[in-house]
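Rule-based calculations on the coordinates, nothing more; no lab input. If you're wondering where the values come from, they're calculated on a predicted model, not measured in any experiment. Ideal geometry is used to build each Cβ from the backbone, glycine not excepted, and the neighbour counts take in all protein chains shown.
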Amino acid sequence: MSADLSYPAAPFSEAAEQLRTEVRAFLAEELAGVPPLVRAKSWNGFDAAFSRKLGARGWIGMTWPTQYGGHARSNAERYVVVEETLASGAPVAAHWIADRQSGPLLLRYGTEAQKQRYLPGMAAGETYTCIGMSEPDVGSDLAAVRTRAEPVEGGFRINGTKLWTTNAHNAQFMLLFCRTSGTPADRHKGTSQILVDLSLPGIDIRPITDLAGERHFNEVVFDDAFVPADALIGAEGNGWEQVMSELAYERSGPERFLSSMALLVEMTRLLGTTPGDAAEAAVGRLVAHLMTLRRMSRGVAAMLENKQDAGLHATIVKDLGALFEQEIPDIARQLIAVAPNAPATREFGKLLAYTVASVPAFSLRGGTREILRGIIARGLGLR
Amino acid sequence: MNDVLEILTETATRLFEQKAGDDAARAARRGELPESVWDAVAEIGLPFALMPEEAGGFGLAEADALRLIRIGGGFGSPVPLGETMLANAMLAAAGLPPADRIATFAELEDAHVVREGDGWRVSGRASGVPWARHAGTITLLGGGHIIAARVGDLAVTPGEAGNGLARDDLEIDARLPADQVAPRPARFDADAVEAAGALMRALEMAGALQTVLALTVQYAGERIQFGKPIAKLQAIQQQLAVVADQCAAANAAAELAADAWDGDTSLLGVAVAKARVGEAAGIAASIAHQVHGAIGFTEEHRLHLFTKALWSWRDEFGSETVWQRRLGKAALAAPGDGFWPFITAPTVLEQAA
Ligand SMILES: Cc1cc2nc3c(=O)[nH]c(=O)nc-3n(C[C@H](O)[C@H](O)[C@H](O)COP(=O)(O)OP(=O)(O)OC[C@H]3O[C@@H](n4cnc5c(N)ncnc54)[C@H](O)[C@@H]3O)c2cc1C
């Protein structure tokens, strides 16, 4: 009942702070002249050339073993690269999912052959993945998954539709969560994960335009698509456990509170050094939230490094992080008057409109606010 | 957690559990001192926890010692543990001996501290000083000096915080012997004294929030409506999750400040903590009362021992707004491209404020 809601302090790492200087210098050069409106896309911004450059520097798959193309560096160092790229609005979408979860998933559950085949390309910033969990009738209730991979001679035959699949149109592979036996009524049982090569026949990828006008997520239709048996990740029937193991990684990173950074940075630029008491207090409040969230998120990284269970702690970071990201545009429009096309705020106005239209997703993607709070309530012993 | 801290945390928690029941918290809210609680706290040496080992401390890092203040907050702070710990730390920094018993601290306004014979003439005033009426030693900072005033050296006019805890006014105009006065230690300038108070309240609030969460979770599990515990209702679960969120953030912010306290960014850490924890206090207290229904709105129920404390403490030593403004000013010293570097490598707040 009295859950421990303390977060350890992440230990200071000299190596990580040195790396920060290096990463900042690299990003300053790479992103010179990139306007805030482009930076605002951040982890939705797809740029394969940029991902390859990051890979060449050894900044993707940083914590993975060197024999798979990784760099055997600490989580603290990886955290620095992730937060610096996000805070500067670097286009990280291409390699993002492989680096954050598909790679670690393969390391944990993949066969030796799978690790050797996929991980080096991921770490090089050349192999991209997407996550196929949601479906038209399967949102929060993921265990109701319907897409089927029927075991057949030599592999699986896949039928069904995945929806909202971010980057399916850019990625070579999908980490597909599907049913390999039983029916949706069996819930968690009979589910599996398959690494699907999206260039195979029988797969149709249809982009969907979002609220902000972006085309980053998709509908992916499988019509008798055949994948070989060695595409199965982990054990058949173990899909639910595997998917859940990804969640602590997915829910506590700096991407869970830095999504509105471009707007926040530009807001402070327009406010200048002495905007008056009210604006100073408003900025100070956001600083207090941001520094606290960062401490919590780094604390979760430290817990994961020590192999501690961080599920509840990570969920709290994501819930609070989304609130923070979502209120930034509201605060910005209170502090800075933006009239349509007014010369002084023309660019800022576009950035504000883009961010306003982006934030509703922040408490949906990766688990909705209500689902997260249900998990927290369970952690409190209420369910 | 290191061994010494672990043992102290356990010992202190057990001590408060056994000695500091609601009676003690209620007595403190009538302006009284629950003597037996203080005696127990003093017996295990907690008042000296922030002092160096050679001066009678446990040899704990300051960051660890400060965490003990949070434990007291979880029991509604029935005794001035934080006040005494910090006052003793200020005295130690000036090379003065620690207080025999209870101590508190304050910035002395209209301070005049001048030589008189082989001693000092000290005059000035302070208002809303926590627990002053019960303090044997009142650590006053002002006029370039630190003064270890004794009860008989000054006039105390009782006052109270919003929840009834003693917050007294002081006036001093006395001739004090040389060994009660020392040059003000550089570490405790005026900002640092206010910050010490804010840090103490932030830690106590983090502790009280943990108790508010526990009480509310427990009550929701016991209260039956519509044939089942209200804890089974999703509307209640979602609200309690918000309390847990705020509790977690408050803990993290208070610990951030405790960890920064002995370094260059101490003021910045306190600003983050007082601003963030104060906000958490308001949100959590309001939900806790909603979930408790009418019973939580009574004097008899113990919830208010914590919620009214939260409402009082968030205003003491600078409200959220005060600390937010200092933080905002500091961050805006380098707006735009300087914003993120400020977040990751905080500069010294003193320079901007
Ligand atoms: C920008 C974006 C990118 C995405 N990218 C991907 C991706 O790459 N891969 C992928 O698989 N999915 C992706 N998703 C889908 C995302 O995972 C789902 O949106 C999410 O799981 C919620 O499902 P849903 O949208 O169907 O909403 P629903 O589950 O239908 O929920 C609708 C509303 O009902 C509430 N609700 C549902 N169940 C409960 C309950 N038990 N208790 C209380 N309230 C409840 C929800 O909280 C929500 O408010 C993405 C979504 C967005 C917005």
### Message
Between region B:151-203 and region A:135-166, what is the separation of their alpha carbon centroids in Å?
### Response
67 Å
### Task
For region A:255-383, report the convex hull volume of the alpha-carbon atoms normalised per residue, in Å³, without decimals.
115 Å³
### Query
Per the Debye formula with a single identical scatterer at each Cα and no solvent contribution, what log10 I(q)/I(0) holds for chain B at q = 0.13 Å⁻¹?
-1.01
#### Entry: Packing-based exposure ordering (other Cβ within 10 Å, fewest first) of B:Arg133, A:Arg383, B:Arg29
A:Arg383, B:Arg133, B:Arg29
### Message
On a straight-distance basis, which lysines could pair with B:Lys308 in a cross-link, Cα separation under 22 angstrom, same-chain partners fewer than 8 positions away excluded?
### Response
B:Lys19, B:Lys274
### Query
Using 1/(1 + (r/R0)^6) with R0 = 45 angstrom and r between the beta carbons of A:Glu150 and A:Asp309, what's the FRET efficiency to the nearest 0.05?
0.80
## Note on the structure
Computed over region B:90-225, the relative contact order (Cα-Cα under 8 Å, seq sep at least six) in percent reads 24 percent
### Query
Under 12 Å from the Cα of B:Lys232, which aspartates and glutamates turn up, not counting those fewer than eight places away in the same chain?
B:Glu222
### Query
Given q = 0.10 Å⁻¹, what are the Debye log10 I(q)/I(0) values for region A:131-240, with equal point scatterers placed on the Cα positions and solvent ignored?
-0.26
### Query
Which whole-percent values make up P(r) of region A:14-127 when all C-alpha to C-alpha distances are grouped in 5 Å steps starting at zero?
2, 13, 23, 25, 18, 11, 5, 2, 0
### Message
Normalised by the empirical 2.2 N^0.38 Å for globular proteins, what value does the Cα Rg of chain A take?
### Response
1.00
## Note on the structure
Protection proxy (average C-beta count within 10 Å per residue), highest first, orders A:111-117, A:157-163, B:8-14 as A:157-163, B:8-14, A:111-117
### Task
Given the options B:Gly221, B:Gly74, B:Gly164, state which has the largest fluctuation in a GNM of chain B using a 10 Å cut-off (strictly under) for Cα springs.
B:Gly221
### Query
Which trypsin sites (Lys or Arg not before Pro) does region A:1-66 hold that lie in a coil by DSSP with at most 10 other beta carbons within 10 Å?
none
### Query
What does the helix-only formula give at 222 nm for chain B: each DSSP H stretch with n ≥ 4 adding -39500 (n - 2.57), the total divided by the residues, and the result rounded to the nearest 500 deg cm²/dmol?
-16500 deg cm²/dmol
### Task
Select from B:Thr216, B:Thr321, B:Thr84 the residue whose mean-square fluctuation is largest in a Gaussian network model of chain B (Cα-Cα springs shorter than 10 Å).
B:Thr321
### Query
When DSSP assigns beta bridges and you keep just the ones with both residues in the protein assembly as shown, what percent turn out antiparallel, to the nearest 5?
85 percent
### Message
Suppose only helical runs count, i.e. DSSP H with n ≥ 4. What mean residue ellipticity at 222 nm does that imply for chain A under -39500 (n - 2.57) per run, divided by all residues and rounded to the nearest 500 deg cm²/dmol?
### Response
-13500 deg cm²/dmol
### Message
To make sure I understand, if each residue's beta carbon is the centre and we count other beta carbons within 10 Å, what order do A:Trp64, A:Trp96 fall in, fewest to most?
### Response
A:Trp64, A:Trp96
### Task
Any chance you could get the radius of gyration and Dmax over the Cα atoms of region A:72-136, in Å?
13.0, 40
### Query
What is the fewest-to-most order of B:Lys19, A:Lys307 by other Cβ atoms lying within 10 Å of their Cβ?
A:Lys307, B:Lys19
### Query
What helices does chain A have that are whole DSSP H segments, at least 27 Å long along their own axis by Cα, and with mean Kyte-Doolittle hydropathy of 0.0 or more?
A:277-305, A:311-335
### Query
Given R₀ = 60 Å, FRET efficiency for A:Leu31-B:Ala61 by Cβ-Cβ distance, to 0.05?
0.90
## Note on the structure
Under a Gaussian network model of chain B whose springs join Cα atoms within less than 10 Å, the largest fluctuation of B:Leu15, B:Leu165, B:Leu50 belongs to B:Leu15
### Query
From the square roots a ≥ b ≥ c of the eigenvalues of the alpha-carbon gyration tensor of region B:3-183, which class results: rounded (a/c under 1.5), prolate (a/b over b/c), or oblate?
oblate
### Query
How high is the relative contact order of chain A, given as a whole-number percent (alpha carbon pairs under 8 Å, six or more residues apart)?
17 percent
### Task
For chain B, find the longest principal axis of its Cα atoms and tell me its angle to the long axis of helix B:320-331, 0 to 90°, nearest 10.
70 degrees
## Note on the structure
Normalised per residue, the volume inside the convex hull of the alpha-carbon atoms of region B:123-170 in Å³ amounts to 64 Å³
## Note on the structure
Phi-derived 3J(HN,Hα) across region B:170-186 with the Karplus relation (6.51, -1.76, 1.60, θ = phi - 60°), rounded Hz, x for Gly and Pro, is 10, 9, 10, 8, 9, 9, 10, x, 4, 7, 9, 10, 8, x, 5, x, 4
### Message
Ratio of alpha-carbon Rg to the 2.2 N^0.38 Å globular estimate for the protein assembly as shown, to two decimals, please.
### Response
1.05
